[in-house]
Amino acid sequence: MKRVLSLLILMSFLFLQVAPAYVFAASPSASAKYIKNKNVVRASFGNLKGVKNVSYTLYYQGNGIGQGVEGSFKPGKKKISWSKDLFLGTCSGKVCIRHRNIKNIKLEVISKLTNGKSVKKLIKVK
């Protein structure tokens with residue numbers, strides 16, 4: 001019995017020495033905050049290591065009309081976080097007009113990873 005137990009312990013030790021170590025990266029993170037006095041949503045993205053591309057769509061209602069903002073970025077090898085203020089309104093040149101009565105803000109984020117997989121998140125902001 002001691003011999004069998006010793007053999008099992010030895011085999012377990014050898015297996016741990018030659019078995020590959022798998023490290024799973026954490027999923028990319030995203031958050032959003034409505035900043036009323038600036039009429040923007042601050043979108044923040046983190047844990048971008050291993051992320052090839054991030055695309056986002058902000059949906060909201062302004063004066064009862066569906067509105068949206070789209071964008072994307074490539075984090076690059078050194079960038080691990082990124083944030084952007086998304087204006088809730090319309091601009092032409094340097095003239096911008098705020099949308100009013102903002103409701104139902106949602107941010108959809110799709111992160112394409114370097115391993116070919118995608119992570120999709122939907123965040124309810126307001």
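Tell me which of these Ser83 doesn't satisfy, since it passes every other one: (1) assigned to a strand (DSSP E or B); (2) over 20 Å from Arg42 (Cβ atoms); (3) under 17 Å from the mean Cα position of the chain (by Cα).
With respect to (1) assigned to a strand (DSSP E or B); (2) over 20 Å from Arg42 (Cβ atoms); (3) under 17 Å from the mean Cα position of the chain (by Cα), Ser83 is out only on (2).
Could you list all residues from region 94-125 that are among the β-branched types (Val, Ile, Thr) and not in a strand (DSSP E or B)?
Within region 94-125, Thr114, Val125 meet the criteria.
Do we have Gly76 as part of a loop (DSSP other than H, G, I, E, B) and farther than 17 Å from Lys124 by Cβ here?
yes
Can you name the residue in region 94-117 that is loosely packed, with under 13 Cβ neighbours inside 10 Å and of a type in the set (A, V, I, L, M) and, of all such residues, is nearest to the chain's Cα centre (by Cα)?
This residue is Ile97.
Just one of the numbered conditions (1) within 17 Å of the chain's Cα centre (by Cα); (2) in a strand (DSSP E or B); (3) of a type outside the set (Phe, Trp, Tyr); (4) exposed (fewer than 12 other Cβ atoms within 10 Å of the Cβ) is not true of Cys91; which one?
In the conditions (1) within 17 Å of the chain's Cα centre (by Cα); (2) in a strand (DSSP E or B); (3) of a type outside the set (Phe, Trp, Tyr); (4) exposed (fewer than 12 other Cβ atoms within 10 Å of the Cβ), Cys91 misses (1) alone.
Among the residues of region 35-72, write down those that are among the aliphatic types (A, V, I, L, M) and part of a strand (DSSP E or B). Give the steps one after another, and end with the answer.
Initial filter on region 35-72 (among the aliphatic types (A, V, I, L, M)): 35, 40-41, 43, 48, 51, 54, 58, 65, 69.
Hits for region 35-72 are Ile35, Val40, Val41, Ala43, Val51, Val54, Leu58, Ile65, Val69.
When you scan region 61-84, how many residues do you find that are hydroxyl-bearing (Ser, Thr, Tyr) and either free of Cβ contacts under 8 Å to residues at least 24 places away in the same chain or touching a His at 6+ places or on another chain (Cβ under 8 Å) (or both)?
Summing the residues that are hydroxyl-bearing (Ser, Thr, Tyr) and either free of Cβ contacts under 8 Å to residues at least 24 places away in the same chain or touching a His at 6+ places or on another chain (Cβ under 8 Å) (or both) in region 61-84 gives 1.
Taken together, the values in this text are just the output of simple stated rules run on the coordinates, not laboratory data. The structure presented is a predicted model; accordingly, all values stated were derived computationally and were not measured. Neighbour counts run over all protein chains shown; Cβ positions are idealised from the backbone, glycine included.
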